[in-house]
Structures are given as C-alpha cells and as structure tokens.
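One structure is given below, encoded as structure tokens.
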Amino acid sequence: MKPNKTNALLKQGSGVLALVAALGMAQQALADTAGGATIHNVATLSYAGGGAPVKAAVNVAVQTVAAAPSVVKSTADLTVPAYSDADYTFTFTSNSNGSDSFALDLSSVDTNTSAAPGLGFLLNGSPVSSVVLGASVTSQASGVGVIYLPAGSQTNLSINDIVSVGGDLYTVTAVSNGAPASTNVSTGVTTPETPASLTLTPVGAAPAITAGSVAAGVQVGEQVTLVQRVVASAPATPAPAVHTVSFTATSTATDLAGTAVIYSSTADGNDTVTTVVPATTNLAKLVRNFSRPAGNALATGTATCNGNTYYTSGVTSKTGDTLEYCLLATVAVGASGNLTGAVITDDIPDYTTYVPNSTSLNGTPVADETATTPLAAVNSGMEVNSASEPAGEIGVGETATVVLQVTVQ
C-alpha cells in the first residue's frame, strides 16, 4: 500500500506549525527573563581511556525588551498668571524586563498667547531631557524582606529607589549584586549563579515581603517622580490664554521587532492644560551663558529678550564665563493704567563680578552708578520705563527690558 502523501504532508505541516508555535513561545519567554541576565552554558566531552572530561563554556547576555512606562499625572490642570510657573507631577513606572532610558520630548499648542511657553521636566529639582528606569524579573521565590534577581539585571536599581513589585510599591533599602554563573574550563569546576537581591520596605499599604510571597517571574520596575514645568507666556488679549502641553517618552531599548517604544501623553490622556490669566504687573528674570554656548545645552524654559534666547533654568557655567541676565518688567494688556515710579533692584550674585558698563535699558546702554552693584538697593535701584514712556513709567501692554552681565569667579 502506497503511503498517503496527504497525511505525510499534514504531518510535516504540523511539525512546521509546532516549530513556529515553539519559536513564538520562545520569543514571548524572552520578556520573562531579566535584561542584563547572563545565560551560561557548559558542554562536556567524555571519552574512553580514563582521561579527564573536557569542558567548554559560553555566555550569552540577555537584552532588555522595551516596554512603554506607566505614567500617572497627579496634578489637576492649573490656572496661573502670565510668566509664572505651572508645575505638574507625574510618576513614571517601568514595565520593562531590564534597565531602559527614555528620551523626553515636549511640545505645546498655544491659544491666544504672545509666545510659546517654556517647557521642561525636572527630576529632584534639576532639568532632565531623559529618565532612566531600572527594572528586572525575579528569578526565584522571595525570602523575608528580600527578592532575588538574575545577577547583572539589578543595574540602575539603587538604595532609596521606589520599585513596583507586582503592582505594590517598596523602597529599596539594600542591594546585593550577586555574580553570574561561571566555569573554569581548566579544572572543570562550574560555580552556580549567586542571584542579585533587593531588600525592600513596603510603601503605604503594600504587604510585607515574606518567604515565597513573591514568585519567580514577577516584573520589578522602578518608579520615579518627575515635574513638568510650564513657564506661561502672556495672553495676547485681555482674555485668558491656554497652553496645551504634550510629551513623548521614547525608549533606548527596542521591542522584539527591533523598534523603539514610544509613550504618548496625548494617547494616554495625560496632556496638561494651563490657563493663563493676565497679570497686572510681572517681573521675569532670565539668564544665558553669554561667552560659552555649551553652558546653555541643558537649559529649559526659553524666552526672547532683545531678540536673543534666554532661559529660566538649567544654565551651567565655569570659572571665567560671562552670564547675561535679562529682567522683563511688564504691565499686562487690560490693566487699568500705566505703572509709575517703576524701579528695579537686583543684587549681583555671590561668586560673580559685575561686568562694568554692561547694563542696558530697552537695548540702550545705561551708565553705571557704581562699578560693582548697578541695580542694588543700596543705590536705590534703577529707574525703568518701557520704550514709549517717560522715566519710571511702564505702559499698558508694554515691557521695560534690563540686561546686565557678570563674570563667574
């Protein structure tokens, strides 16, 4: 009887389908192993004649499989005066199997405003353009107060970090790095992996970690708190203005298809909406590194002064650099009348020296009253005016602009 070719093909096809399914399961399993883990494999050659077996070993590093972070906005939309800060708090929690960095990009859609707002994220009060989130996957059941991770996967998980373990939050109080498995091929001795470990203290109502309460294969993700700062510009008319700010977080690691993962605040409903009401009178202070543009590389909160770009925060300096400050005294559109008797005082900062004859008002040089403190209160400050008004007077909808320079000691 001849073989049934159809059945043979079906059997062969089933094998192919089974292989494809197995490959799919293997790909899925990649995300169940922590990024940074080491796969250690040892082969042994035995042979007749009583000679010692020969061993060979090789390591394979497990990469992080990118996943979008979970982002929660905990500040309601704000209404602020022109030129003031609107600060929004966000928590970012990693969902990846290993440490990953996310580039942060912000943009705004502005309604009835004189300019785009200054935008940036702050971490612990300092400007950041990216955020690093440590993460891993547990490799065995927990001990008392301790979870275990593949050695090498604990990168960027540090003491005092907040981590999510299966959705509950804990503070890291101790970190042990462990060591990957290794083999001395000369002696044939294999040393098993010593897992990394995190000692954890519950946050809030999170349950204490007990022996076996956290199983192997549980994702562990760092959580950080970022502040999105929106430096509001002025309304273009007496009506309130609106800054609608969106942001994206783009992973450095890639997914299984080799593509970066992008979190979108718009898609997630986490855009911020800042309503800006006219301020009757406002004073804004801006700065730029005048002599070394690299000092402005991390700066945020841009604004224009005399046609140049200045910043509200993040400017850095080195000894010998010249810093240029811009002071903007504004009377809002819709104010009841001009501001009179306007005087600005501003002490020269510590660790700097005033640059003689560097002060200007509305772009016109102003003679120094003293060689060291031109705007200080001890000199009764500096009388200012907007360009179209007499001394000491700022017109409705107008600005008095003062610029001066200092050198870093």
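The values are calculated or read from the model by the stated rules, or taken from the named source; none is laboratory data. The shown structure was predicted, so the numbers you read here are calculated from the model rather than taken from an experiment. Reconstructed Cβ throughout: ideal geometry from the backbone, glycine too, with neighbour counts over all protein chains shown.
Within segment 331-363, track down each residue that is surrounded by fewer than 13 Cβ atoms within 10 Å (Cβ to Cβ) and either more than 40 Å from the chain's Cα centre (by Cα) or on the phi > 0 side of the Ramachandran plot (or both).
Ser336, Gly337, Thr340, Gly341, Tyr351, Gly363
Do you know which residues across segment 95-136 are part of a strand (DSSP E or B), farther than 21 Å from Asp271 by Cα and in contact with a Gly (Cβ under 6 Å, 6 or more places away or on another chain)?
Ala135
Which one of these does Gly118 not meet: (1) buried (at least 18 other Cβ atoms within 10 Å of the Cβ); (2) within 17 Å of Leu226 (Cα to Cα); (3) out of contact with any Lys or Arg (no Cβ under 6 Å at 6 or more places or on another chain); (4) at pLDDT 95 or above?
Tallying (1) buried (at least 18 other Cβ atoms within 10 Å of the Cβ); (2) within 17 Å of Leu226 (Cα to Cα); (3) out of contact with any Lys or Arg (no Cβ under 6 Å at 6 or more places or on another chain); (4) at pLDDT 95 or above, Gly118 fails exactly one: (4).
Return the residues of segment 308-328 that are under 30 Å from Gln228 (Cβ atoms), of a type in the set (Gly, Ala, Ser) and at pLDDT 90 or above; say none if nothing qualifies. Give the derivation first.
Step one: filter segment 308-328 for residues under 30 Å from Gln228 (Cβ atoms), giving 308-318, 321, 323-328.
From the residues that got through so far, the ones that are of a type in the set (Gly, Ala, Ser) too are 313-314, 317.
Scanning segment 308-328 gives Gly314, Ser317.
Quick one: what pairs do we get from segment 122-144, first residue without any contact (Cβ under 8 Å) to a residue 60 or more places away in the chain, second part of a loop (DSSP other than H, G, I, E, B), C-beta under 6 Å, 6+ apart or different chains?
The qualifying pairs are Val132/Asn156.
Based on what the data block shows, is Thr309 under 25 Å from the mean Cα position of the chain (by Cα), among the polar types (S, T, N, Q) and under 29 Å from Thr359 (Cα atoms)? Walk me through how you get there before you give the answer.
Values: under 25 Å from the mean Cα position of the chain (by Cα): yes; among the polar types (S, T, N, Q): yes; under 29 Å from Thr359 (Cα atoms): yes.
Answer is yes for this residue.
Residues in segment 190-207: is at least one in contact (Cβ under 8 Å) with a residue 12 or more places away in the chain, of a type in the set (A, V, I, L, M, F, W, C), closer than 27 Å to Ala249 by Cα and surrounded by fewer than 16 Cβ atoms within 10 Å (Cβ to Cβ)?
yes
Looking at Thr281, is it out of contact with any Lys or Arg (no Cβ under 6 Å at 6 or more places or on another chain) and farther than 23 Å from Ser74 by Cα? Outline the logic, then answer.
Working: out of contact with any Lys or Arg (no Cβ under 6 Å at 6 or more places or on another chain): yes; farther than 23 Å from Ser74 by Cα: yes.
Yes; evaluated as a whole, the condition is true for this residue.
For the condition of a type in the set (Phe, Trp, Tyr) and either under 30 Å from Ser233 (Cβ atoms) or surrounded by 13 or more Cβ atoms within 10 Å (Cβ to Cβ) (or both), what is the one hit in Tyr47, Tyr83? Before the answer, list the steps.
Details: Tyr47 fails: either under 30 Å from Ser233 (Cβ atoms) or surrounded by 13 or more Cβ atoms within 10 Å (Cβ to Cβ) (or both).
Among Tyr47, Tyr83, only Tyr83 is of a type in the set (Phe, Trp, Tyr) and either under 30 Å from Ser233 (Cβ atoms) or surrounded by 13 or more Cβ atoms within 10 Å (Cβ to Cβ) (or both).
Given the residues Val355, Val403, Val343, which is the only one that is at pLDDT 90 or above, touching a Gly at 6+ places or on another chain (Cβ under 6 Å) and hydrophobic (A, V, I, L, M, F, W, C)?
Values: Val355 fails: touching a Gly at 6+ places or on another chain (Cβ under 6 Å); Val403 fails: touching a Gly at 6+ places or on another chain (Cβ under 6 Å).
Just one listed residue meets the conditions, Val343.
Looking at (1) buried (at least 17 other Cβ atoms within 10 Å of the Cβ); (2) in contact with a helix residue (DSSP H, G or I) (Cβ under 7 Å, 6 or more places away or on another chain), can you tell me which one Cys326 breaks?
Exception for Cys326: condition (2).
Can you pull out every residue in segment 144-153 that is closer than 12 Å to Ile209 by Cβ, part of a strand (DSSP E or B) and not β-branched (Val, Ile, Thr)?
First, pick out the residues of segment 144-153 that are closer than 12 Å to Ile209 by Cβ: 144-148.
Next, from what is left, pick out any that are part of a strand (DSSP E or B): 146-148.
If the condition is that a residue be closer than 12 Å to Ile209 by Cβ, part of a strand (DSSP E or B) and not β-branched (Val, Ile, Thr), then Tyr148 is the only one that fits.
Looking at Val408, Val366, Val402 in this structure, which one is in contact (Cβ under 8 Å) with a residue 60 or more places away in the chain and buried (at least 19 other Cβ atoms within 10 Å of the Cβ)? Explain how you work it out, then say what you get.
Numbers: Val408 fails: buried (at least 19 other Cβ atoms within 10 Å of the Cβ); Val366 fails: in contact (Cβ under 8 Å) with a residue 60 or more places away in the chain.
Only one candidate qualifies: Val402.
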